[in-house]
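Reviewing the structure listed below.
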Amino acid sequence: MVLALLYPLGYMVYGSFRDWDPSQSLSESTFVGLKNYITLWNDPNFHESTLVTLKFALSVVTVEMLIGVGLALLLDRKLRGMSVLRTLFILPMMIAPVVVGLIWRYMYHPTLGVFNRGIKGVGLEPVDWLGQHALLSVIIADIWQWTPFIFILSLAALQSLPRSALEAARIDGATGWQQIIHIKLPLMMPVLIVTCLLRLIDAFKVLEVILVMTEGGPGLSTEIMALRISRTATEFRELGVAAAMSNYLLIMLLILTVLMLVYNRYMEYRASRAMRVAQEN
Amino acid sequence: MLNLSKTLRCLTVATAMVASVAIADPYEEYAGTTLIVNFPAHPHYDAVRKILPEFTRETGIEVEVDQLPYLKMRERQTLELGQDEGDYDLIAYVVFSKADYVYADQLENLARYFMNPKLSDPSYDADDLIDGYVYNIGFAGGTKGYLEGKTGSLFGIPYGSETSILGYRKDIFEKHGLEVPENYDQLLDIACKIPELEPGMGGLSSRAASGHHASHAFLLHLAPLGGRVFDDSWNPIVNNEAGVQAANALKTIVDCGPEGSASFGFGEALGSFLAGDTAMFLDTTVVAGQIDDPAKSKVVGKVGWAMHPMGTRRGSQTGGFGIGIPKNAENKDAAFLLMQWLTSKKGDKLVALAGGNPSRFSTHEDAEVNARFPHMATFGEALKHADPDWRPIIPVWGKINADLGTTLSKVLTEDLDIQEALDGVAERTKAVMEEAGYYTWSN
């Protein structure tokens, strides 16, 4: 199992130290040491790609967390038709990413797209969605597709909260907001952190939707790292450089994961300490 | 004596009959063979599928087609061609793949097949194949490594040839008394006049999206305006006067084009012309079928065709596909017979009548083909000026092309200074070429 897990990873790391063309097997390629890593380190296009990735991932995850958790808090009650509503909410994540890209690409179409037709309908100037506002446009599409993921997990977390704590708060006269801030959110935090981490990892690797919508353009304004890796491997035929880029991405994700886990541990430690102090008093 | 002479006559007739049977059926040895071919999902290859049953009926050779979207096809071929024994007997490939496959020794040199009297059809008439395409898609090892030349050799045959052609709205041009542009000054002038004459309509819809779309559109203008990406010593000259002129032409076309045209890929550019949102379309000949299809087009019967306008010279694009035999193919001889049949005069005409893009001069001039597709004669004329060197076909082109395309996209959307942008491309291209060893023999 460990071998199955680590072999592909080892293959990628090994490949990143080689000058490797797709028409060669890895053993036929030439060893170049750290050259691929150094080339990338000094490559302005790679820097731009990294920046776009960070902007994209942080924006979508922040907005998705806010909307997803907000919706879960709003809909955590017994309502008629709730199960239908939940199914409807998760529909976007069931659609293949390529189809999502195509749908949004046509909705953003300058003349035929539903957005510009609506905007023109009320007498306003049309918007160049995939030109001047390309990054914002792909961010909106991602939020549409993945907010339901946060919503579903948050709702599950909310519904598994100990009812006794909420009852006690209500008896003590806590308002709805106070319950959310002081009870629900702190108790949901471990789930929210894992959810946020999963979305961050995914947002760093998103490829198809952006590939279909903008192909990374205009310029490099939406060329996130996954897309650059794909182009480096297929268009530039530099598998070694693509492998080195993947390793940089992996390192970035590892750092993020460790930071979030450390934060989670710290919060747990603080909570247990507060509880201990309360018990001692 | 009489008997001897009679016997001799009988023997001669019998020998002639045996010989004629042998000559008449060069396919006999291969009847029952099943060839596996890899073709792209493309209108030309959809037409090819319609004529393959005729090949099987005539030869007894079965053909199984693995048809894939173009990018998937290339990925699959990269994997397949690297194996000791491949699955494919015949593959279609785009021109960039020629450099990669030949350099990696993955395609058969066709000389030994054309030298084999049992395989090579004497009536094949290779001179009838369109020159620019043979050199562009089939040749390797000549001038610059990818063009015609004494050191070159044939590795594939063009099949599904495309060039650039100007489609224009006859009704709009007639309504405003406009002349069909013959040169670039007229083209750009009319492109910007149209939005004034027909509010809401763009002049010319062009590819412009970041990456290979923008790069393609720029190179489309660079060749006729007298430019090249490299000089004869591989020094980048994309930033010279012709390069700046070509980038300016692209920017003018996009600025005077339909709404949002700076983010148009090929699909959107064509879609805009089909929807009647633009008066001109300068791109590949492969679109003719869709323009005449009432299910896809609002401009059926309204489109006229003209040659790609001239700059300082004629230089329309060379694109499309070629077919070649992988080195690791199982049935190479039978694959050659299929390749020869498909690209023969008969096969080329059949595929043209089925809606494909012919690769022979004679097919473009054929009365039956022209009666069915009246634009074919103009397309044939345009193909005579197809420029096999309109873009370089070298292994590092993918990287240079991507840089050129993203930089031009910045010119179109962020108003980056054209000269500065192209100087940057030239500088980075020089570094890529240096690393790839193109200056090893300099000094």
Only Lys, Arg, Asp and Glu count, each charged at its Cβ (+1, +1, -1, -1), so figure out the dipole size of the stretch A:49-237 about its Cα centre, rounded to 20 debye. 380
What percent of all Cα-Cα pairs in the stretch B:169-246 falls into each 10 Å bin, going from 0 up to the bin containing the maximum distance? 17, 39, 29, 12, 3
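If you add up the charges near B:Asn136, with Lys and Arg at +1 and Asp and Glu at -1, over every other residue whose beta carbon is less than 10 angstrom from its beta carbon, what do you get?
Taking every other residue near B:Asn136 into account, the sum is -2.
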Among the lysines, select those whose C-alpha is under 24 Å from the C-alpha of A:Lys184, and discard any that sit fewer than 8 residues away in the same chain. A:Lys78
Using all C-alpha to C-alpha distances in the stretch B:320-437, build P(r) with 5 Å bins and read off the rounded percent in each one. 2, 9, 13, 12, 10, 12, 11, 12, 11, 7, 2, 0
Quarter of the Cα convex hull surface for the protein assembly as shown, i.e. its orientation-mean projected area (nm²): 45.0
What does the structure give for B:256-263 when I average, per residue, the other chain Cβ atoms found within 10 Å of the residue Cβ? 6
Furthest towards positive pole of dipole, A:Leu198, A:His109, A:Val60, structure part the stretch A:49-237, Cβ charges: A:Leu198
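What's the Kirkwood radius of chain B in Å, using all Cα pairs?
That comes to 23.4 Å for chain B.
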Principal axis dimensions, largest first and in whole angstrom, of the stretch A:49-237 by Cα: 62, 44, 25
Of all chymotrypsin sites (Phe, Trp or Tyr not before Pro) in the stretch B:404-443, the ones in DSSP coil with at most 12 other Cβ atoms within 10 Å are B:Trp441
Using distinct alpha-carbon pairs, which all enter the 1/r mean, Kirkwood radius of the stretch A:10-159 in Å: 19.3
Percent antiparallel among DSSP beta bridges (both partners in chain B, rounded to 5): 60
Distance from the stretch B:347-398 to the stretch A:213-252 (C-alpha centre basis), Å: 36
Distance check, please: which entries in B:Lys144/B:Lys430; B:Lys345/B:Lys399; A:Lys120/B:Lys193; A:Lys120/B:Lys175; B:Lys327/B:Lys349; B:Lys98/B:Lys410 exceed 26 angstrom between their Cα atoms? B:Lys345/B:Lys399; A:Lys120/B:Lys175; B:Lys327/B:Lys349; B:Lys98/B:Lys410
From the residues B:Asn235, B:Ala191, B:Leu110, which one has its Cα farthest along the dipole of chain B in the positive direction, the dipole being from +1 and -1 charges on Cβ of Lys/Arg and Asp/Glu about the Cα centre? B:Leu110
If every Lys and Arg gets +1 and every Asp and Glu gets -1 at its Cβ, then about the Cα centre chain B yields a dipole, in debye to the nearest 20, of 860
Can you give the mean number of other chain Cβ atoms that lie within 10 Å of the Cβ atoms in peptide A:209-221? 6
Length-normalised contact order of chain B, Cα under 8 Å, at least 6 apart, in percent, tallies to 24
Excluding B:Arg372 itself, what net charge comes from residues whose Cβ is under 15 Å from its Cβ, given Lys and Arg +1 and Asp and Glu -1? -4
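Other chains' Cβ within 10 Å of A:41-47 residues: what's the mean?
Average neighbour count from other chains, rounded to a whole number: 1.
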The answer for the net charge of residues other than B:Leu219 whose Cβ lies under 11 angstrom from its Cβ, with Lys and Arg +1 and Asp and Glu -1, is +1
The protein assembly as shown, dipole about Cα centre (Lys/Arg Cβ +1, Asp/Glu Cβ -1), debye to the nearest 20: 2340
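Quick note: the coordinates plus some simple rules give every number you see, no bench work behind them. Quick caveat, the model's predicted, so the values are computed rather than measured. FYI the Cβ positions are ideal-geometry reconstructions off the backbone, even for glycines, and counts take in every protein chain you see.
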